[in-house]
Amino acid sequence: QKEVEQNSGPLSVPEGAIASLNCTYSDRGSQSFFWYRQYSGKSPELIMSIYSNGDKEDGRFTAQLNKASQYVSLLIRDSQPSDSATYLCAVWGVNSSNTGKLIFGQGTTLQVKP
Amino acid sequence: GAGVSQTPSNKVTEKGKYVELRCDPISGHTALYWYRQSLGQGPEFLIYFQGTGAADDSGLPNDRFFAVRPEGSVSTLKIQRTERGDSAVYLCASSLTTGGPGQYFGAGTRLSVL
């Protein structure tokens, strides 16, 4: 079992729709969770971080965390073609407290069609 | 600087050669990370520095890989006797502190070993 799992997609949504991206993780002691956006040929860009159960909203983005289910998601409202990218879920686990190691999923490719 | 700077942006080398990849982190960031990203995959952790010392080098694939950060700022990733399987994008990231709000990535160095 991979430490952080994402469906590679592609996930295709029409412009204006809600895109829902999901991620599961295996380390129950994980503490911090991040979503990165990566455009083709570019470096990952941090877009959201979440540390406690529940929802965290930032503009059109909402991160959701459920530690009991070991599940984190990212919702993108009013999706735009410019949101088309690969979204990487990253987890900071209990073993990372002294190491700084982020564990990444393989990423989900999102396509927003005009 | 304003962001994480990596040089060169592209490096083509022949099998068996030695290469050095440079990373200049965000000013004031004490934590520095190296990751490797293969096509279609998320970044894979290589090594983490807190200040001048390597706090965790568990991700280095073998002893051909080595990294230094002698003055606690710029870091160099060194690869000896390169192999075709070393071809990937090498990403550097920095954060204000370990476990801080997130890691910020440079544009990466695309290494191609022929």
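Among the residues of the stretch B:50-68, which ones are outside any strand (DSSP E or B) and within 13 Å of chain A (Cβ to nearest Cβ)?
B:Gly51, B:Asp57, B:Ser58, B:Gly59, B:Leu60
Which numbered condition trips up B:Ala54, out of (1) of a type in the set (A, V, I, L, M, F, W, C); (2) touching a residue at least 24 places away in the same chain (Cβ under 8 Å); (3) surrounded by 15 or more Cβ atoms within 10 Å (Cβ to Cβ)?
Only one criterion in (1) of a type in the set (A, V, I, L, M, F, W, C); (2) touching a residue at least 24 places away in the same chain (Cβ under 8 Å); (3) surrounded by 15 or more Cβ atoms within 10 Å (Cβ to Cβ) is unmet by B:Ala54, namely (2).
Are any residues in the stretch B:75-99 within 14 Å of another protein chain (Cβ to nearest Cβ) and either in contact with a strand residue (DSSP E or B) (Cβ under 7 Å, 6 or more places away or on another chain) or modelled with pLDDT of 95 or more (or both), and if so, which ones?
Residues satisfying the conditions are B:Ser75, B:Ala88, B:Val89, B:Tyr90, B:Leu91, B:Cys92, B:Ala93, B:Ser94, B:Ser95, B:Thr97, B:Thr98, B:Gly99.
Only residues that are more than 14 Å from the chain's Cα centre (by Cα) and within 12 Å of chain A (Cβ to nearest Cβ): list them for the stretch B:27-49, please.
Residues satisfying the conditions are B:His29, B:Thr30, B:Leu39, B:Gly40, B:Gln41, B:Gly42.
Assess whether B:Ala2 counts as being surrounded by fewer than 21 Cβ atoms within 10 Å (Cβ to Cβ) and outside any strand (DSSP E or B).
So B:Ala2 fits the description; yes.
Based on this model, can you work out whether B:Leu39 counts as assigned to a strand (DSSP E or B) and modelled with pLDDT under 95?
Against the criterion (assigned to a strand (DSSP E or B) and modelled with pLDDT under 95), B:Leu39 does not qualify.
Looking at the stretch B:57-74, which of the residues that are touching a residue at least 12 places away in the same chain (Cβ under 8 Å) and either in contact with a strand residue (DSSP E or B) (Cβ under 6 Å, 6 or more places away or on another chain) or of a type in the set (Lys, Arg) (or both) is surrounded by the most Cβ atoms within 10 Å (Cβ to Cβ)?
Ranking the candidates gives B:Ala67 first.
Test of understanding: among A:Ser30, A:Ser49, A:Ser26, which residue is surrounded by fewer than 20 Cβ atoms within 10 Å (Cβ to Cβ), under 16 Å from A:Glu3 (Cα atoms), under 16 Å from the mean Cα position of the chain (by Cα) and of a type in the set (Gly, Ala, Ser)?
Just a single option satisfies the conditions, and that option is A:Ser26.
Between a first residue in the stretch A:9-30 that is at pLDDT below 90 and a second residue that is among the small types (Gly, Ala, Ser), which pairs have beta carbons less than 7 Å apart while being 6 or more apart in sequence or on different chains?
Listed pairs, sorted by first residue: A:Asp27/A:Gly93; A:Gly29/A:Gly93; A:Ser30/A:Gly93.
Identify, please: which residue in the stretch A:7-44 is of a type in the set (S, T, N, Q) and part of a loop (DSSP other than H, G, I, E, B) and is, among those, farthest from the other protein chains (Cβ to nearest Cβ)?
Checking each candidate, the answer is A:Ser26.
The values are calculated or read from the model by the stated rules, or taken from the named source; none is laboratory data. Not measured: the values here are computed from a predicted model. Every residue, glycine among them, receives a Cβ derived from its backbone with ideal geometry; neighbour counts consider all protein chains shown.
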